[in-house]
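*Asks:* Please see the structure below; I have some questions.
Read the figures in this text as sums done on the coordinates, not as results from a lab. Bear in mind the structure is a predicted one, so any value in this text is a computation, not a measurement. Every residue, glycine as well, gets a Cβ built from its backbone with ideal geometry; the counts of neighbours run over all protein chains shown.
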Amino acid sequence: MKYFSAAIAAGIGVLAGGAAAADDRNFYVSAKYGLDQQSDEAIRGANVAGAPRNIDIEFDGGRYAAAALGYIAADGAMGRLRFEVEAAYHESDVERLLLNDVERAVRTGSNVSATTAMINAYYDTPLIADRFRVFGGGGFGIGSIDHEVRYLVERPAEAGGNLAIAIPSTETTFSYQIGGGLEAVITPWISLVGDVRYVGFGDTQVERFVLTTGAIDSVLDTDKSSIVASGGVRFSF
């Protein structure tokens with residue numbers, strides 16, 4: 001930890017370069033909205049009898065919204081270093097689901113969402129043409145992943161009829177992101193921002209619940225990630 005703190009302090013000193021900040025608006029708030037494309041999800045495991053329960057989920061393009069409070073820690077000739085706390089929401093509808101390589105009928109409204117809270121660090125280039133900055137960085141925090149997935153396993157009547165299946169699991173894990181984008185300065189206190197980022201989550205587990213019988217069939221392992229493209233506005237104060 002002491003080496004990390006020393007590196008941050010050194011970075012602030014280099015970026016400041018002995019120069020004063022461009023103005024005293026060191027704090028900002030931002031709001032963004034955009035597209036969340038969740039990667040295909042592979043849910044793997046078996047039931048208590050050892051029968052495989054391998055589920056593959058594909059997603060439609062989803063929704064993303066985020067808000068952040070940030071602080072510009074250094075602003076000098078070599079650019080800026082800033083930190084922020086950010087809360088974000090991701091949601092995508094299930095487009096296609098396969099159980100043991102067989103496509104199943106997905107119920108309307110099935111989706112997977114995630115809520116994250118992260119601490120981010122970014123480097124901004126100096127102003128380009130007095131109007132633009134390019135930035136890059138990443139963050140680390142926690143994420144709550146919510147599966148609300150329903151589908152039907154079709155079976156003939158002599159085999160007991162159709163089974164209605166649910167995956168209604170919510171779990172908290174770590175989350176992280178890395179990405180970059182562009183800031184367009186409109187006034188000294190208002191900017192437009194756009195970025196692309198990769199968001200990843202730690203491994204989690206989900207429960208496969210058979211609604212027809214009212215029993216948990218299996219507890220399965222999965223992990224998640226998303227590619228996000230978003231745009232929004234930043235207010236400095």
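*Asks:* Only counting other Cβ atoms within 10 Å, I'd like Asp36, Asp124 sorted with the fewest neighbours first.
*Replies:* Asp124, Asp36
*Asks:* Between Thr125 and Val233, how many nm apart are label points set 7 Å from Cα along the C-beta direction?
*Replies:* 2.6 nm
*Asks:* Karplus couplings for the stretch 44-59 from phi (6.51 cos²θ - 1.76 cosθ + 1.60, θ = phi - 60°), rounded to Hz, Gly and Pro as x?
*Replies:* Ordered by residue, 3J(HN,Hα) equals 10, x, 8, 7, 5, 8, x, 6, x, 10, 9, 10, 10, 10, 10, 10 Hz.
*Asks:* Assuming R0 = 30 Å, what is the FRET efficiency of Tyr89 and Ala49, from their Cβ-Cβ distance, to the nearest 0.05?
*Replies:* Values: r = 38 Å, r/R0 = 1.27.
In this case the efficiency is close to 0.20.
*Asks:* Now, a different point. Once R0 is set to 22 Å, what does the formula 1/(1 + (r/R0)^6) return for the Cβ-Cβ distance between Glu207 and Ala105, expressed as a FRET efficiency to the nearest 0.05?
*Replies:* Efficiency at R0 = 22 Å is approximately 0.60.
*Asks:* Relative to the longest principal Cα axis of the chain, at what angle does helix 2-16 sit, 0 to 90 degrees, rounded to 10?
*Replies:* The two axes meet at around 50 degrees.
*Asks:* Evaluate the charge dipole of the chain about its Cα centre and quote only its size in Debye, nearest 20, assuming +1 on the Cβ of each Lys and Arg and -1 on the Cβ of each Asp and Glu.
*Replies:* Result for the chain is approximately 580 debye, rounded to the nearest 20.
*Asks:* Turning to a different aspect of this structure: Taking 2.2 N^0.38 Å as the expected size of a compact globular protein, what ratio does the Cα radius of gyration of the stretch 148-231 give against it, to two decimals?
*Replies:* 1.79
*Asks:* Follow-up. Return P(r) of the chain (all Cα-Cα pairs; 10 Å bins starting at 0; whole %; ordered from short to long distances).
*Replies:* Going from the shortest bin to the longest, the percentages are 7, 28, 25, 17, 12, 7, 3, 0, 0.
*Asks:* Could you work out the helix-only [θ] at 222 nm for the chain, with each DSSP H run of four or more residues adding -39,500 (n - 2.57) and the total divided by the number of residues, to the nearest 500 deg cm²/dmol?
*Replies:* Per the formula, -2000 deg cm²/dmol.
*Asks:* Can you tell me what percent of all Cα-Cα pairs in the stretch 39-158 are more than 16 Å apart? All intermediate terms of the calculation are to be shown ahead of the outcome.
*Replies:* Numbers: 5171 of 7140 pairs.
Cα-Cα pairs in the stretch 39-158 separated by more than 16 Å: 72 percent.
*Asks:* Something else: Starting with the fewest neighbours, write out Glu86, Glu158 ranked by other beta-carbon atoms found within 10 Å of each beta-carbon.
*Replies:* Least crowded to most crowded, the residues run Glu158, Glu86.
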